[in-house]
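These notes are about the structure you will find just below.
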2 protein chains.
Amino acid sequence: MQTPERGLVEILEDALVVVAEDGLIAEIVTADDPRHEGVEAEARAAGRLEVLGEGRYLLPGFVDLHIHAPQWPQLGKALHLPLEDWLQQYTFPLEARYADLAFANAAYRSLVDALLANGTTTAVYYATVHLEATKALADICQAKGQRALIGKVVMDDPALSPDFYRDLSTDQAIADTAAFIDYANGLAGNGTRLVYPTITPRFIPTCTDAGLKALGDLAAATGAHVQTHCSESDWEHGFVLERTGRTDTRALEAFGLMTRRTVLAHANFICDDDMDAIHACGAGVAHCPLSNHYFSNAVFPLRRALEKGVHVGLGTDISGGHDASIFSNIRHAVASSRALADGVDASLPADSRGRPGSAVDFTEAFWLATAGGGIVLDLPIGLLAPGYFFDAMVIDTHAADSDLVVWPELDGLDDVFQRIVYSSGRQNVRKVWVAGRAVVDKG
Amino acid sequence: MQTPERGLVEILEDALVVVAEDGLIAEIVTADDPRHEGVEAEARAAGRLEVLGEGRYLLPGFVDLHIHAPQWPQLGKALHLPLEDWLQQYTFPLEARYADLAFANAAYRSLVDALLANGTTTAVYYATVHLEATKALADICQAKGQRALIGKVVMDDPALSPDFYRDLSTDQAIADTAAFIDYANGLAGNGTRLVYPTITPRFIPTCTDAGLKALGDLAAATGAHVQTHCSESDWEHGFVLERTGRTDTRALEAFGLMTRRTVLAHANFICDDDMDAIHACGAGVAHCPLSNHYFSNAVFPLRRALEKGVHVGLGTDISGGHDASIFSNIRHAVASSRALADGVDASLPADSRGRPGSAVDFTEAFWLATAGGGIVLDLPIGLLAPGYFFDAMVIDTHAADSDLVVWPELDGLDDVFQRIVYSSGRQNVRKVWVAGRAVVDKG
C-alpha cells in the first residue's frame with residue numbers, strides 16, 4: 001500500500017517485492033505476472049520468501065525530515081511554556097549535556113530505537129554543537145540500521161546563543177562541521193551507506209554572517225545536504241528581516257545555503273517570492289504540523305507551496321512536537337490544513353474566516369510522509385518500486401491493544417488503507433526494514 | 001495524579017485510596033497521616049491491598065461526553081468526504097444496520113472493550129433509533145462494567161431523515177424513548193447502577209417541533225439526562241436559525257430541553273447570549289476538538305465559555321473524530337485552543353490573526369476530561385476524593401512499545417504527569433476500575 005503520486009493510492013494484492021543484495025528493490029512482480037509463481041517458488045526454495053500473513057500490509061517506511069535528536073529526553077515536557085523559557089530553561093541546558101558522551105549515547109540509542117519502532121526508516125537529525133556526540137549519533141544509526149541525515153549544529157554567534165552552549169568560535173564551528181562530514185562519509189566502509197552528513201546552521205539568529213557564508217561554501221564544496229530553520233514564527237521571521245533586510249529564504253540563498261539538498265524546517269511565513277526561490281533551486285520544506293501549534297503562530301501554507309511546485313515532506317520536530325509518530329503527524333497535517341481552510345474563529349463570517357482550498361486529505365499527507373520526503377532529500381526512498389531502497393514496514397491490523405479497527409464486511413482495501421493511516425500506532429508497526437535489513441521485528 | 005480544580009495539579013505519593021463496598025471512595029490516607037501504617041497493614045491482612053508498583057501512577061478515569069456508538073465500525077473511514085456524503089453514503093446506512101441485533105451486539109461489545117482499554121470509565125453514547133439495539137448497548141455496559149449514559153436516538157422528521165433510517169412516527173419515537181428510560185432504570189436491579197438513560201434528539205434538523213416538545217416534557221417528568229448536537233457547523237447553526245428564528249441553545253430551551261443534566265455536543269457557534277443561557281440552567285458542553293477539524297468549520301471558543309462559567313468536558317465524537325483516546329483529545333484540545341489564540345493564516349498580521357487569550361494548557365485540558373466531565377454530568381466522578389466513585393486507571397510509564405519517555409535524572413513528578421498527558425497511548429493504560437470493580441487488567 002502506497003502513494004506513488006500525491007493523491008494516488010496504489011494497493012497491490014499478493015505482489016512479490018524482490019530485494020537485491022544491495023538493499024535496493026530489484027523488481028515488483030504483480031499477482032497477474034506469469035512469472036509470479038516461479039519467482040515465489042524460487043525464493044521459497046532459497047529460504048528468502050517472507051510472507052506477511054493475514055491482516056498485515058506492507059507500506060513504505062516513513063521519512064521524518066526534522067528531529068532535534070538531543071531533545072528526545074524531554075519529549076512531552078515543558079510545552080506549556082513560552083518559547084524563550086522553553087529554550088533557556090529546558091532545551092539549551094539539555095542540549096549542553098551532550099558534552100557528556102555517556103549521556104549522549106544513552107539518549108541517542110533510546111531515540112533511534114523508538115523511531116525505528118514507529119516505522120521511521122529515514123530520520124533527519126539535528127544533533128548538538130558537540131562533534132564527538134554527533135559522531136556517536138552517526139555510529140548508532142549506522143549500527144542500528146537507520147537511514148539518517150545528521151548535522152553537528154552550528155551556533156557561533158554569542159549574541160543569541162547562551163554562554164554555556166555554543167560554538168567557541170566561527171572557525172571551530174566550521175572545522176567541526178567539516179570533520180563530521182569526513183567522519184560520516186567514511187562510516188559505511190564497504191557496507192551500505194546509511195548516514196549522510198548534513199550542514200546544520202541552527203538558524204540565522206544564532207549564526208554569524210561569516211559562519212553562514214562559510215557553511216554555504218562548504219555545501220558547494222562537498223555537495224552535502226543542508227538543514228536549517230526557516231521563517232518559523234513571527235519572532236524569528238521578523239528578526240531575520242530586521243537583521244538581514246531579507247526573508248530567511250533569500251538570506252539563506254545569499255549565503256549559498258539554498259541547494260537541491262537543503263531542508264527548510266517549518267517555513268510557515270514564506271511568501272510567494274520565497275516559494276519561487278525554493279522551487280527554483282529544488283530545496284524542500286519539512287512541514288511540522290504539530291510543533292507549529294506550539295511555536296509557530298500560524299499554519300504552514302501547505303497547499304499553496306505544493307501548487308507552486310515546492311518539495312514538501314513531514315517532520316515531527318521532536319521535541320517542539322510532542323509526538324514521535326509520523327502517523328500522528330500525518331493526521332495533524334490533515335487537521336491543520338483543514339483549520340487553515342475553514343478558519344478557526346466562529347465569530348467571523350464563514351467567507352472571511354479561513355483560506356478556502358487549503359485542505360489536504362490523508363492520501364496527500366501520506367505521500368508527504370513517504371515519497372514526498374524522499375524527493376525533498378533527493379534519495380530513492382519513500383516508494384516500493386524498482387531502484388528504490390527497500391525501506392519498509394509491516395502494519396498489523398490485528399495488533400493487541402490497538403484502536404485500529406477493520407470490519408471485513410464493510411471494508412475494501414482502500415478503506416483498510418485509510419484506517420491504517422488514521423488509526424495506526426506504534427503497536428501496529430510489526431516489522432521494519434532499512435535497505436533490505438530487518439531492523440525491527442516484534443514477532 | 002489529578003486536577004481537582006481547573007489548572008491545579010495534585011500529586012500524592014504513597015497515598016492510600018480506600019474504596020468502600022458501594023464503589024465510592026471512603027477516604028484517602030496520605031503518607032504523612034499517622035493512620036497510614038495501620039490502614040495499610042489492615043488492608044494487606046485482609047488481602048485487599050493493591051500496590052501500583054514502580055513507574056505506575058493512578059489517575060481518575062476519563063469521561064467521554066460524546067460518542068456515536070454505532071459509528072465504531074467506521075472509525076477512521078470516509079473522513080475525506082463532505083458531511084453530506086459522509087452521512088448519506090456511510091453513516092446513516094451503517095446506523096440503519098443496528099436493526100440487526102447480532103450486528104449491534106458485536107459492534108457494541110468491541111466498542112465498550114476498546115474504550116475501557118483506553119481508560120474511558122464513563123461514556124456518553126448516542127445509540128441508534130432502534131429500541132432493541134439500544135437496550136443491547138445498555139446490557140453490554142452494565143455487564144462489562146462501564147458507566148454509561150445512553151440514548152435511543154430520535155429522528156422523527158421525515159424531511160431531513162432518510163427513509164431507510166428514521167423513527168416511524170413522533171409518537172413511536174417518544175414511546176420508545178420512554179420505554180428505554182424504564183428499561184435502563186431497571187437494569188441494575190439491586191447492584192451498582194452504571195447506566196443512565198439519556199433523552200437524545202439527534203439534533204433539531206432531524207426532529208419535529210412536536211417531538212422536541214414531547215422530549216422536553218419527558219425530561220421534566222423523569223429528570224433524565226439530555227444530549228443533543230448544538231450549533232456544530234455553519235450549516236447546522238444557520239439551518240436552526242432559519243427554521244426556528246433562534247439559536248440552537250434558545251430553541252432547545254424553548255422545547256424544555258435545557259436542564260442541569262443536558263449535554264450539548266460541539267457548540268462551536270454559540271454566542272455570548274447562548275453561553276449565558278447555558279450557564280443559567282447549568283447545562284454543559286461536550287467539546288470535541290478533533291472532530292471539529294472535520295465537520296465544524298471553526299474551533300469551539302473554549303476559554304470564553306469557561307470564563308462565562310459554562311460547564312465543559314471533552315468528547316471523542318466517534319466517528320466524526322477518528323481517535324478513540326481521550327488522551328489524544330486532550331492534546332487536540334490544547335492544540336486547537338492555541339490555533340484559535342494565534343490564528344492560522346500567516347499572511348495576516350499577527351495582531352489580527354487570532355483571538356489572543358484563547359489557549360488552554362494540558363492541566364486544564366486534563367481537568368476537562370475528568371473532573372470537568374463529571375460536573376457536566378452532575379455525577380460524583382472524575383476525581384479521586386471521598387464521596388466520588390472509584391473510577392480510575394493505572395498508567396504504566398514502562399509499557400512496552402510506547403513513546404512515553406520518563407528520564408529519572410531530569411524529571412520531577414510534575415514532569416511525569418505532563419509526559420503522561422502528552423505521550424500516553426492505550427498501551428500505557430494497564431488497569432481500569434469503575435465503581436471499584438476492575439474492568440480492565442492487562443497484567
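The values are calculated or read from the model by the stated rules, or taken from the named source; none is laboratory data. Please read these numbers as outputs of a predicted model, since none were measured by experiment. Using ideal geometry, Cβ is built from the backbone for each residue, glycine included, and neighbour counts are taken over all protein chains shown. What goes into the accessible areas is simple: the full protein's heavy atoms, side chains included, and nothing from ligands, DNA or RNA. Shrake-Rupley method; radii C 1.70, N 1.55, O 1.52, S 1.80 Å.
Suppose accessible area is computed on protein heavy atoms with a 1.4 Å probe; arrange A:250, A:437, A:419 from highest to lowest. Intermediate values should be presented prior to the final figure.
Working: A:250 70, A:437 110, A:419 0 Å².
From most accessible down to least: A:437, A:250, A:419.
For the listed peptides B:308-318, A:398-408, B:349-359, B:146-156, a ranking on the average number of other beta carbons within 10 Å per residue, highest first, reads B:146-156, B:308-318, A:398-408, B:349-359. Take every DSSP beta bridge whose two residues both sit in the protein assembly as shown; close to 40 percent of them are antiparallel.
Each part reduced to its alpha carbon centroid, segment A:321-336 and segment B:413-443 end up 22 Å apart. Taking label positions 7 Å along the Cα-Cβ direction at both residue A:188 and residue B:110, the computed distance is 4.4 nm, reported to one decimal.
For segment A:62-377, what relative contact order do you get, as a whole percent, if you take Cα pairs closer than 8 Å and at least 6 residues apart? Intermediate results must be reported in sequence, preceding the final value.
Numbers: 667 pairs, mean separation 55.3, N = 316.
Taking the mean separation of contacting Cα pairs over the length of segment A:62-377, I get 18 percent.
Between residue B:88 and residue B:220, the simple spin-label model (points 7 angstrom out along Cα→Cβ) gives 3.8 nm. Under a no-solvent Debye model with one identical scatterer per Cα of segment B:87-164, what's log10 I(q)/I(0) at q = 0.13, 0.26 Å⁻¹? Calculated log10 I(q)/I(0) at the listed q: -0.41, -1.26. Per-residue SASA remark: residue A:249, around 0 Å² accessible (1.4 Å probe; ligands, DNA and RNA not included).
Would you calculate, for the protein assembly as shown, the mean residue ellipticity at 222 nm contributed by helices, counting each DSSP H stretch of 4 or more residues as -39,500 (n - 2.57) and dividing by all residues, to the nearest 500?
Details: 30 runs with 312 residues, N = 886.
After summing the helix terms and dividing by the residues of the protein assembly as shown, the value is -10500 deg cm²/dmol.
The convex hull defined by the C-alpha atoms of segment B:265-325 has an orientation-averaged projected area of 3.8 nm².
The mean sequence separation of alpha-carbon pairs under 8 Å and at least six residues apart, normalised by the residue count of segment A:224-292, gives a relative contact order of 37 percent.
Taking every DSSP beta bridge that has both residues in chain A, what percent is antiparallel when rounded to the nearest 5? Of those bridges, close to 40 percent are antiparallel.
Label-to-label distances for residue B:171 across copies, nearest first, come out at 9.8 nm, using points 7 Å from Cα in the beta-carbon direction. Normalised Debye scattering of the protein assembly as shown at q = 0.05, 0.11 Å⁻¹ gives log10 I(q)/I(0) of -0.28, -1.30, counting only Cα atoms as equal scatterers and leaving out solvent. For segment B:327-375, the square roots a ≥ b ≥ c of the C-alpha gyration tensor eigenvalues yield an a/c of 1.5 or more together with a/b exceeding b/c, which makes the shape prolate. When nucleic acids and ligands are ignored and a 1.4 Å probe is applied, residue B:430 ends up with an accessible area of around 40 Å². The heavy atoms of residue B:28 offer some 50 square angstrom of accessible surface to a 1.4 angstrom probe.
Order the following by accessible area, largest value first: A:124, A:17. Probe radius 1.4 Å; ligands, DNA and RNA are ignored. Spell out each step's value before the answer.
Values: A:124 0, A:17 50 Å².
Descending accessible area places them as A:17, A:124.
Shielding of peptide A:397-407 by partners, expressed as the average count of other chain Cβ atoms within 10 Å per residue Cβ, is 6. For segment B:334-410, the spread of Cα positions along the three principal axes, ordered from largest to smallest, is 49, 39, 22 Å.
Using 0.36 nm times the number of residues separating residue A:81 and residue A:28, minus their current alpha carbon distance, what extension gain do you get?
Fully extending the segment from residue A:81 to residue A:28 adds 14.1 nm.
For segment B:285-299 versus segment A:168-238, the spacing of their alpha-carbon centroids is 42 Å.
Note on segment B:1-138: Cα-only Rg and Dmax are 21.4, 64 Å. Considering only the Cα atoms of chain A, their convex hull presents on average a projected area of 22.3 nm². Would segment B:145-243 count as rounded, prolate or oblate if I go by the C-alpha gyration tensor, calling it rounded below 1.5 in a/c and otherwise prolate when a/b exceeds b/c, oblate otherwise? Note, shape of segment B:145-243 comes out prolate.
Order the following by accessible area, largest value first: A:54, B:253. Probe radius 1.4 Å; ligands, DNA and RNA are ignored.
Details: A:54 140, B:253 80 Å².
From most accessible down to least: A:54, B:253.
Partners of residue A:213 within straight-line reach, counting aspartates and glutamates whose Cα lies under 20 Å from its Cα and excluding those fewer than 8 residues away in the same chain: A:156, A:157, A:167, A:171, A:176, A:182, A:236, A:242, A:248, A:253, A:274. Classify segment A:125-193 as rounded, prolate or oblate from the Cα gyration tensor: take a ≥ b ≥ c as the square roots of its eigenvalues, call it rounded if a/c is under 1.5, otherwise prolate when a/b beats b/c and oblate if not. Judged from the Cα gyration tensor, segment A:125-193 comes out prolate (a/c at least 1.5, a/b above b/c). Projecting the alpha carbon convex hull of segment B:292-443 along each direction and taking the average yields 11.7 nm².
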